[in-house]
Structure formats: C-alpha cells, structure tokens
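Please read the structure below before turning to the comments.
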Amino acid sequence: MNRSCRNGLDIALQGGGAHGAFTWGVLDRLLEDEDIGITAVSGASAGAVNAAVLASGLANGGREGARRALSDFWEALNRVSRDSGPLIPLMEAFPLTFQALSNWWSTMFGNVSLPSSPEMGAASQQALRSLLEEHIDFDALRHGEAPRLFLSATDVRNGNARIFRNEEMSADVLLASACLPLFFPPVTIDGVDYWDGGYSANPPIMPLVQESPCDDLLLVTINPTSREETPRSSSEITNRLTELSFNQTLIKDLRGLVLVQGEVSPLHFGKGLLATVKRLRIHEIHDEETLSAMPAQSKLTPLREMLLLLHGKGREAAEAWLAGDGRMLGKKGTARIAERYGPK
C-alpha cells in the first residue's frame, strides 16, 4: 500500500454520550483549517455518530457542509430530547433545583436507584434512529467520496468488536455502536445482537493503521483517565465502571502500538504492517480538566447549555493543538501516551 498522504489526517473519535459535543467542537475547528485533509475516521458510540455526520457532511458539502451537518445534528439532538419528555426542559429551566433534588435523593436513599429495563429505552432508540436518518446521507457514505469510516459495535455473544465500514453504513450500525445495554435493547444486524462499541474498541485504532494511506493519526478523547473521588452509590459505581471499561480498550491498543514501535525502531522495513507501525505518528486532543470535572451521568442528559459549553471547549482545545503540536503533522508524533496511558 502506498502510505503517502500529503496533508492528510486520520481521526479516531472516542465515545462518551452527550460529552461527544466536545468532539463536535474539535471537528468544527479542524474543518476551518484548509491545510488539513480528513482521510479516514474511526469511532465508537457518540464518536461513531460524530464520524458519520462528519463524513456525510463532507461528501455533500465539503468543509462548510460538514460544519453545518454537525451543528444541525447536535441542535436537533437537544431538541428531540426536550420533546421526548419533561425532564430535559425542567433540568434546563431549573438546574439548581434538580441538583438539590439529586443530592437529597443520595442522602436519603443512598444506593437505592429506580428500577429500569433496557426495553424502556426502545422509544428513545427509535427517536435517535429518526434523527440519524434525517441528518446523515447513508447513500453518500456507502457510494460517495466520503472519508473512509471504521465504526465499532460489540458482539454480545463473544465480546468481540465488529468494525463496520462505509459499504455497511446504516442507522442500525450507529444505533448498535451507541447501544448502552443498561438503557437500550440490543440492536440486531444480520442475526447478531450488538451493544455499544465502546466496550470493545473505543475508538478503533488498528483498522486506521492497516487500511488508511496516512501516517498521522489524531485521537480525540473525551473519557477522563482519572477522577478525584471514589464513587459510592450504585449509579455512580456503574457509571465509573462503564467509563473505565471504555478507556481500557484504547489504553491496550496504544500501549501495544508504542511497544511495537519501540521494538521495530532500530530495524528497517520497506513495507508491510511493521513498517506502517514504525512510521505511525500519533497525536491527541483532549481536555482532562474540563471533562473530569463533569459528572459521568451528565453523558445521558444532552442539556443545551452543557452541549454549547463542551463545543466551545472542544474548539479551544483544537485551536491550542493547531498552534502547538499540530505544527508537527507529517514530522513526528506528539501524543504523550506514556504519560497519559502508561502504567502508573
């Protein structure tokens, strides 16, 4: 495979529910830079949705089309959430009241949480399907000049990641990639049930390395690697366990890549996977301070104020990266993998 890719960039988008609005902000700023060409995108969960909206927008309207598509989608997500019931409008109108009620519930009832069933999320899942079908041109993803896509979902039977590519794109694929099993029923594709892709590849890394012609890979991460407080309630523990499992797949892949790069660095390869890994330059955009300060449960509540805050923080993080590490594109990797993801 010819690995030359002038001004090209592959992007891997981590999942994290409504916190994916941070990724929206990152992409919004990157799309303004005409020196960067997005060649391929991978993603899981909210990262998969952002990837598909981005690719659809690029295919139909170029950079500005992609920016409009992302903005329209996130605004529509908030609107649909508000229309689906009174919770989101009330939380937006009276945030302090809801915070006080949440604190009262934790104080009075501790680990007791309201009973629920994944089947209760079926209506919300169908609302999301309609939203995806409205804002994504799946024909353009399957047959057009869209960037290559690698989106993950988790096979419920064996826990393996299935990577869906452009020719397989559909609303079902995105629903499967974003299917949190405690909140939504599994999504069935070709007779196989799938859960959220974050459990098995968050985001997919190796398909980008093996199948894209570019050597620069940018990670956009939104799950904090650490939190200051230990969760105590059952809901907080569940949220943190999900967060940890969502991070572990990425940590494993990155540590493996760094280990292989270190082993092959003194060697010479003309082509093949080892040569590809040796040339790989990894970069990362994140905002650990902002995202670690946000409660994990806020990933499930796309409040307008929070989405706009995260969009702005994403733009700021991308701006700082472009002015700093981004200048090393095509030259050397800048991600601080050992510092952020190595053993402590």
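The values are calculated or read from the model by the stated rules, or taken from the named source; none is laboratory data. Note that this is a predicted model, so its numbers are computed, not measured. No Cβ is skipped: glycine too gets one built from the backbone with ideal geometry, and neighbour counts run over all protein chains shown. Keep in mind that these areas ignore ligands, DNA and RNA; they rest on the heavy atoms of the full protein, side chains included. Shrake-Rupley method; radii C 1.70, N 1.55, O 1.52, S 1.80 Å.
The conditions are (1) more than 27 Å from Ala201 (Cα to Cα); (2) at pLDDT 90 or above; (3) surrounded by 15 or more Cβ atoms within 10 Å (Cβ to Cβ), and Ser42 fails exactly one of them. Which is it?
(1)
So that you can scan it fast, the table gives a plain yes or no per residue for (1) at pLDDT below 95; (2) open to solvent by less than 80 Å² (accessible area, probe 1.4 Å); (3) over 28 Å from Ile36 (Cβ atoms):
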| residue | (1), (2), (3) |
| --- | --- |
| Pro266 | yes, no, yes |
| Gly272 | yes, yes, no |
| Thr276 | yes, yes, no |
| Ser298 | yes, yes, yes |
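Only one of these is touching a residue at least 40 places away in the same chain (Cβ under 8 Å), over 16 Å from the mean Cα position of the chain (by Cα) and buried (at least 18 other Cβ atoms within 10 Å of the Cβ): Ala178, Ala146, Ala161, Ala153. Name it.
On the way: Ala178 fails: over 16 Å from the mean Cα position of the chain (by Cα); Ala161 fails: over 16 Å from the mean Cα position of the chain (by Cα); Ala153 fails: over 16 Å from the mean Cα position of the chain (by Cα).
Going through Ala178, Ala146, Ala161, Ala153 in turn, the sole match is Ala146.
From (1) under 17 Å from the mean Cα position of the chain (by Cα); (2) over 18 Å from His283 (Cβ atoms); (3) among the aliphatic types (A, V, I, L, M), pick out the condition that doesn't hold for Met206.
Answer for Met206: the failing condition is (2).
If you go through the stretch 300-344, how many residues are closer than 23 Å to Ile251 by Cβ, in contact with a strand residue (DSSP E or B) (Cβ under 9 Å, 6 or more places away or on another chain) and either outside any helix (DSSP H, G or I) or open to solvent by 80 Å² or more (accessible area, probe 1.4 Å) (or both)?
Counting residues in the stretch 300-344 that are closer than 23 Å to Ile251 by Cβ, in contact with a strand residue (DSSP E or B) (Cβ under 9 Å, 6 or more places away or on another chain) and either outside any helix (DSSP H, G or I) or open to solvent by 80 Å² or more (accessible area, probe 1.4 Å) (or both) gives 5.
Which ranges mark the helices (runs of 4 or more DSSP H) fully within the stretch 76-182 that have 3 or more residues being more than 19 Å from Gly198 (Cα to Cα) and at pLDDT below 95? Show your work before the answer.
Numbers: elements: 87-93, 95-109, 122-135, 138-143, 171-177.
Hits in the stretch 76-182: 87-93, 95-109, 122-135.
Mind checking whether some residue in the stretch 203-225 is more than 17 Å from Gly15 (Cα to Cα), out of contact with any Cys (no Cβ under 9 Å at 6 or more places or on another chain), without any contact (Cβ under 8 Å) to a residue 40 or more places away in the chain and outside any loop (DSSP other than H, G, I, E, B)?
no
If you go through the stretch 247-267 one residue at a time, do you hit one that is part of a helix (DSSP H, G or I), under 20 Å from Ile222 (Cα atoms) and touching a Phe, Trp or Tyr at 6+ places or on another chain (Cβ under 6 Å)? Let's see the steps before the verdict.
First pass over the stretch 247-267, keeping only residues part of a helix (DSSP H, G or I): 247-264.
Add one more test, that the residue is under 20 Å from Ile222 (Cα atoms), and what stays is 247-255.
Narrowing further to those that are touching a Phe, Trp or Tyr at 6+ places or on another chain (Cβ under 6 Å): 251, 254.
Within the stretch 247-267 (the criterion being part of a helix (DSSP H, G or I), under 20 Å from Ile222 (Cα atoms) and touching a Phe, Trp or Tyr at 6+ places or on another chain (Cβ under 6 Å)), the answer is yes, since at least one residue qualifies.
Considering each residue of the stretch 279-296, count those that are surrounded by fewer than 18 Cβ atoms within 10 Å (Cβ to Cβ) and part of a helix (DSSP H, G or I), and give that number.
Counting residues in the stretch 279-296 that are surrounded by fewer than 18 Cβ atoms within 10 Å (Cβ to Cβ) and part of a helix (DSSP H, G or I) gives 4.
Step by step: first the residues of the stretch 19-39, then only those that are open to solvent by 10 Å² or more (accessible area, probe 1.4 Å) and not in a loop (DSSP other than H, G, I, E, B), then the one that is farthest from Leu128 (Cα to Cα). Which residue is that?
Gly37
Is it the case, given these coordinates, that Ile237 is surrounded by fewer than 18 Cβ atoms within 10 Å (Cβ to Cβ), β-branched (Val, Ile, Thr) and either at pLDDT below 95 or part of a loop (DSSP other than H, G, I, E, B) (or both)? Please lay out each step first, then the result.
Working: surrounded by fewer than 18 Cβ atoms within 10 Å (Cβ to Cβ): yes; β-branched (Val, Ile, Thr): yes; either at pLDDT below 95 or part of a loop (DSSP other than H, G, I, E, B) (or both): yes.
So Ile237 fits the description; yes.
Assess whether Thr225 counts as being within 20 Å of the chain's Cα centre (by Cα) and open to solvent by 40 Å² or more (accessible area, probe 1.4 Å).
Values: within 20 Å of the chain's Cα centre (by Cα): yes; open to solvent by 40 Å² or more (accessible area, probe 1.4 Å): yes.
Criteria met by Thr225.
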